[in-house]
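Quick notes on the structure that follows.
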Amino acid sequence: MGKTIGILGGMGPLATADLFRKITLLTDAACDNEHIRVYIDSNARIPDRTAAILSGGPDPVPEMASALRSLERCGADCVIMPCNTAHYFLPRLQAMTSLPFLSMLEATAKTCAKDFPGQTAAILATKGTLATGLYEKALNAQGVHCLVPDEGEQDVLMHLIYDVVKASKPLEPEQGAWQALLDGLRARGADYFILGCTELPIIADTLPQPGPFVDPTAELAKAAIRICGYKVKGE
């Protein structure tokens, strides 16, 4: 019998649902019984991670730890978090448990190195994630060239993430802003884009634009499928 996955979610709820959906779609299974057992704690009480990093907002780790304990009690064999910014707090969480956490940043960096050798990635992420330098560190470890959005581009990203997706607002009116953001980064040398906030794959699916894109949610799903002893569809 394969291992089980625990999703430490709620950051946000749509991103959590997107990860579970991608685990299901990417697992090579011919029937219900061939899928992975997945435990989900979508704890929407977890304080905002970017606010904690940038402005001394409430510490999210206590609520994250509460969700971690619930996944331990369920019997999860590994833990994944569908929130890039939350990985800043991963060392503190890992110290609390013997369960392995899988890093979506490391999984993404390995895919970038394999699929886009010698090319430049633009990191699309929250201001919190960008301020930590976590993606640059993961990418540099794999020899991946990258660039980050400037202040104005970061403001656009924060608007799309917080004021639109997290606020459950329609995405269609943001088509122009999304296109202008990508065009501007291409003009500065980006060859492809890392959707480095788990709300961004939802935008990319709804507002199609030429990429290419690397989806960390999908890369995390694949890593979890493999570590649990299952096969990724198409591999």
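The values are calculated or read from the model by the stated rules, or taken from the named source; none is laboratory data. Since the model is a prediction, treat every value here as computed from it, not as a measurement. Here Cβ is always computed from backbone atoms with ideal geometry, including for glycine, and neighbour counts include all displayed protein chains.
In the list Thr50, Thr4, Thr24, Thr16, which residue meets the criterion of being of a type in the set (S, T, N, Q) and surrounded by fewer than 16 Cβ atoms within 10 Å (Cβ to Cβ)?
Just one listed residue meets the conditions, Thr24.
Of all residues in region 204-218, how many are buried (at least 22 other Cβ atoms within 10 Å of the Cβ) and assigned to a helix (DSSP H, G or I)?
3
Exactly one of (1) more than 16 Å from Ala122 (Cβ to Cβ); (2) assigned to a helix (DSSP H, G or I) is unmet by Arg186. Its number?
Going through (1) more than 16 Å from Ala122 (Cβ to Cβ); (2) assigned to a helix (DSSP H, G or I) one by one, Arg186 breaks only (1).
For region 25-48, give me the residue count where each residue is polar (S, T, N, Q), under 20 Å from the mean Cα position of the chain (by Cα) and not in a loop (DSSP other than H, G, I, E, B).
Residues that pass the stated criteria total 2.
So Glu72 passes all but one of these: (1) in the same structural domain as Leu19 (by TED's automatic domain parsing); (2) out of contact with any helix residue (DSSP H, G or I) (no Cβ under 9 Å at 6 or more places or on another chain); (3) within 25 Å of Pro201 (Cβ to Cβ); (4) charged (D, E, K, R). Which condition number does it fail?
Failing condition for Glu72: (3).
Restricting the search to region 68-89, which residues are surrounded by 15 or more Cβ atoms within 10 Å (Cβ to Cβ) and in a helix (DSSP H, G or I)?
Scanning region 68-89 gives Leu68, Ser70, Leu71, Glu72, Thr85, Ala86, His87, Tyr88, Phe89.
Cβ-Cβ under 6 Å, sequence separation 6+ or interchain: first residue in region 215-228 and under 15 Å from Arg21 (Cβ atoms), partner hydrophobic (A, V, I, L, M, F, W, C) and not in a helix (DSSP H, G or I). Which pairs?
The qualifying pairs are Asp215/Leu195; Leu220/Ile80; Lys222/Val232; Ala224/Ile5; Ala224/Ile80; Ala224/Leu102; Ile225/Val232.
Residue by residue through region 137-157, note down the ones that are surrounded by fewer than 16 Cβ atoms within 10 Å (Cβ to Cβ), of a type in the set (A, V, I, L, M) and under 16 Å from Leu124 (Cα atoms).
Listed by number, the list holds a single entry, Leu147.
So Pro210 ticks every box in (1) out of contact with any strand residue (DSSP E or B) (no Cβ under 6 Å at 6 or more places or on another chain); (2) modelled with pLDDT of 95 or more; (3) not assigned by TED's automatic domain parsing to the domain that holds Tyr88 but one. Which box is left unticked?
(2)
Would you call Ala51 outside the structural domain of Lys127 (by TED's automatic domain parsing) and assigned to a helix (DSSP H, G or I)?
yes
Wholly within region 90-154, which helices (runs of 4 or more DSSP H) include no fewer than the required count, namely at least 2 residues that are within 24 Å of Gly211 (Cβ to Cβ)?
104-115, 127-132, 134-141
Within region 158-166, is even one residue at pLDDT 95 or above and assigned to a loop (DSSP other than H, G, I, E, B)?
The answer is no; no qualifying residue exists.
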